[in-house]
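**Student:** Have a look at this one before I ask anything.
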Amino acid sequence: MVNGNVFYFDWEVDLIEWLQQNMGKIGETASKIFSYIGGETISLLLIIILVFCYKKEVGKRVSLTVLTASMWFPMIKNIVLRVRPYMAHPDKVKCLQVVEPDADPMDIVQQGYSCPSGHAATSAALFGGVGMEVRKRWMWTLAIVMPLLIGFSRFAVGVHYPTDVLGGWLVGLLAIGFNVLLNKKVQKEWLRCVILLVLSVPGIFWCNSRDYYTALGLLIAATIAFPFEAKYVRFEDTRNVWAMILRSVGAFAIYFALNTLLKMPFSKDFLNSGVLAANLVRTARYAIILFVILGVYPKVFPVFEKIGKKK
């Protein structure tokens, strides 16, 4: 079940083993928390908050930067095919937080390959992308500290080598640079989405891990939802605190409800099988979820604006 390439520096395994033996319960809990913060669910929800509660256009630009990193790291992973450290060194490295809880921890297809770290890539792209937009000292501090803590947590819980994390940070920084250049050269938002999609779709021919097909679904949704919203919905930024809360809570509810509902027609064994049909179902599921959230759901925002305002 564990098929791939095993390569590492001895110091990487020694460092992970030492950390897991000495960080204690507090360190283990902290690592799990930061590891969870860097996951796809929290990253997606933070982007939604940016789009709905901060500035729509800023949120869109940051989301495309994160989606770029999210497409690139699994495309690289499925070429490098590096086995995760807890799989390669079960006698030394423990898996303290499995990547996909609903799949076999030793299933490399479902748990994904190791290099580069997706959490490190997306956290660098997300917080670094926000830093490029906000340009405040506190945000630059956050843009440095959060990817460091998230990256550190990934080898502390045993699912990545330190060099995987370094590679992930590099992918995130390259995604930021690429999108800065793309924003300067290509004025039309829909065309930037199409360019990213064209660069990403070929991964279907060699990627078989969940993370690629998740990101593909999100990128497809953004490509459709952004122009759809601009033409038919055109929601505005808000400073109404109650509207912000309702926008965010509604988006979270839609995400979890649709994610559950769209899984129901399929068996768990099929969804975890790793075959192309199951992966494409995953792509379709995430495409539908994000399109509804970004393209359709904002139609109700004018109702939220009436709440909390003085008559």
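**Student:** Net charge within 12 Å of ARG285 by Cβ-Cβ distance, Lys/Arg positive one each and Asp/Glu negative one each, not counting ARG285 itself? Could you put the intermediate results ahead of the total?
**Tutor:** Values: positive: ARG210, LYS263, ARG282; negative: none.
That sum, taken over residues with Cβ under 12 Å, equals +3.
**Student:** Continuing with the same structure: If I compute solvent accessible area with a 1.4 Å probe over the protein chains, what percent of it on the chain is carbon and sulfur? Numbers along the way, then the final one.
**Tutor:** On the way: 10220 of 14840 Å².
Of all accessible area on the chain, carbon and sulfur atoms account for 69 percent.
**Student:** How tilted is helix 241-261 with respect to the longest principal axis of the chain? Cα atoms for both, answer in degrees (0 to 90, nearest 10).
**Tutor:** On a 0 to 90 degree scale, this one is about 50.
**Student:** Still on this structure, please answer the following. Would you tally the net charge around LEU148, using a Cβ to Cβ cut-off of less than 15 Å, leaving LEU148 out, and scoring K and R as +1, D and E as -1?
**Tutor:** Working: positive: ARG154; negative: ASP164.
Result for the neighbourhood of LEU148: 0.
**Student:** When the helices in the chain are scored as -39500 (n - 2.57) per DSSP H run of 4 or longer and the sum is shared across all residues, what 222 nm value do you end up with, to the nearest 500 deg cm²/dmol?
**Tutor:** Details: 15 runs with 208 residues, N = 311.
Calculated mean residue ellipticity at 222 nm is -21500 deg cm²/dmol.
**Student:** To continue, here is another question. Quick check for you: with a 1.4 Å probe and neighbouring chains kept, what is the accessible area per residue of the chain, in Å²?
**Tutor:** Working: 14840 Å² over 311 residues.
Heavy-atom accessible area per residue stands at 48 Å².
**Student:** So what does the Cα-only Debye profile of segment 102-168 read at q = 0.20, 0.21, 0.23 Å⁻¹, as log10 I(q)/I(0), no solvent term?
**Tutor:** -0.76, -0.81, -0.90
**Student:** How would you order 52-59, 222-229 from highest to lowest mean count of nearby Cβ atoms within 10 Å?
**Tutor:** On the way: 52-59: 18.8, 222-229: 20.6.
Per-residue mean Cβ counts within 10 Å order the peptides as 222-229, 52-59.
**Student:** Okay, moving on. Taking the mean number of other Cβ atoms within 10 Å as a proxy for protection, how do you rank 234-244, 164-174 from highest to lowest?
**Tutor:** On the way: 234-244: 14.5, 164-174: 22.7.
Peptide ranking by packing, descending: 164-174, 234-244.
**Student:** Okay, next question. Between VAL300 and LYS25, what is the label-to-label distance in nm when each label sits 7 Å out along the Cα-to-Cβ direction?
**Tutor:** 4.2 nm
**Student:** For a Förster distance of 30 Å, can you work out the FRET efficiency between the beta-carbons of LYS184 and ILE245, rounded to the nearest 0.05? Spell out each step's value before the answer.
**Tutor:** Numbers: r = 35 Å, r/R0 = 1.18.
Plugging the Cβ-Cβ distance into 1/(1 + (r/R0)^6) gives 0.25.
**Student:** While we're looking at this one, here's another question. List the relative contact order of segment 187-311 as a percent without decimals, with contacts defined as Cα pairs under 8 Å and 6+ residues apart. Present the calculation step by step, with values, prior to reporting the outcome.
**Tutor:** Working: 107 pairs, mean separation 52.8, N = 125.
For segment 187-311, the relative contact order is 42 percent.
**Student:** What number, in percent, do you get for the relative contact order of segment 130-222 if the mean sequence gap of Cα pairs under 8 Å and at least 6 apart is divided by its residue count? Don't skip to the answer; put the middle values down first.
**Tutor:** Details: 25 pairs, mean separation 13.4, N = 93.
Relative contact order of segment 130-222: 14 percent.
**Student:** Count charges around GLY131 for me, please; just the other residues with Cβ under 14 Å from its Cβ, Lys/Arg as +1, Asp/Glu as -1. Intermediate results must be reported in sequence, preceding the final value.
**Tutor:** Values: positive: ARG61, ARG135, LYS136, ARG137; negative: GLU133.
Here the count lands on +3.
**Student:** Also: Before anything else, pin down the relative contact order of the chain: Cα pairs under 8 Å, at least 6 apart, normalised by residue count, whole percent.
**Tutor:** Working: 451 pairs, mean separation 69.2, N = 311.
Once divided by the residue count of the chain, the mean separation gives 22 percent.
The values are calculated or read from the model by the stated rules, or taken from the named source; none is laboratory data. None of these values were measured; they are calculated from a predicted model. Here Cβ is always computed from backbone atoms with ideal geometry, including for glycine, and neighbour counts include all displayed protein chains. Calculation scope for accessible area: heavy atoms of the full protein, side chains included, ligands and nucleic acids excluded. Shrake-Rupley method; radii C 1.70, N 1.55, O 1.52, S 1.80 Å.
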